[in-house]
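Rule-based calculations on the coordinates, nothing more; no lab input. No experiment lies behind these values; they were computed from the predicted model shown. Heads up, the Cβs are rebuilt from the backbone with ideal geometry, glycines too, and the neighbour counts pull from every protein chain shown.
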Amino acid sequence: MRRPKTPLDASRAQEARIAEIRGGTLHAGSGNQWRHKNDLRDDECLWEMKHTDGEKQITVKVKDLEELRTNAILADRMPVFHVQIGRDGKKYVILQEDDFLELMEQRVEDALAWAHEIISRYEGSL
């Protein structure tokens, strides 16, 4: 995969990659338009993306996290803050704790439902 030439190219590549993975829609001009807040939306999440070529740090502002949260609530989506750091593109996702715990709880519930379904099929075949 070729490296983006400019920071803007890198940001666009970051957004396009997640949009493809999640089947989401990019919001062109998201930072300067009132209609499309944040960078990307999919069926479940509203995404804000941040990228730096710097290797050591990135700044995440509480204001940005709170605006994302507000916009996500209004859009009935989970807020996800995606951070890509460095030329090799280390990727991190920031979630509010209650959203993370909800995801973990749902994962357990899904696993239990799957296990009950398998047991029912097995018992039905006896």
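Worth pointing out:
- Helix content alone sets the calculated 222 nm mean residue ellipticity of the chain: runs of n ≥ 4 DSSP H residues at -39500 (n - 2.57) each, divided across all residues, give -15500 deg cm²/dmol.
- Dipole of the chain, positive direction: furthest Cα of 100, 115, 14, with charges on the beta-carbon: 14
- Scanning the chain for trypsin sites (Lys or Arg not before Pro) lying in DSSP loops with no more than 16 further Cβ atoms inside 10 Å, the longest uninterrupted stretch between such sites is 88-126.
- Angle in degrees between helix 62-74 and the longest Cα principal axis of the chain, rounded to the nearest 10: 50
- Antiparallel bridges, percent of DSSP beta bridges restricted to the chain (to nearest 5): 55
- Pair-distance profile P(r), taking every C-alpha pair of the chain, with 5 angstrom steps and integer %: 2, 10, 16, 19, 17, 11, 8, 6, 4, 3, 2, 1, 0
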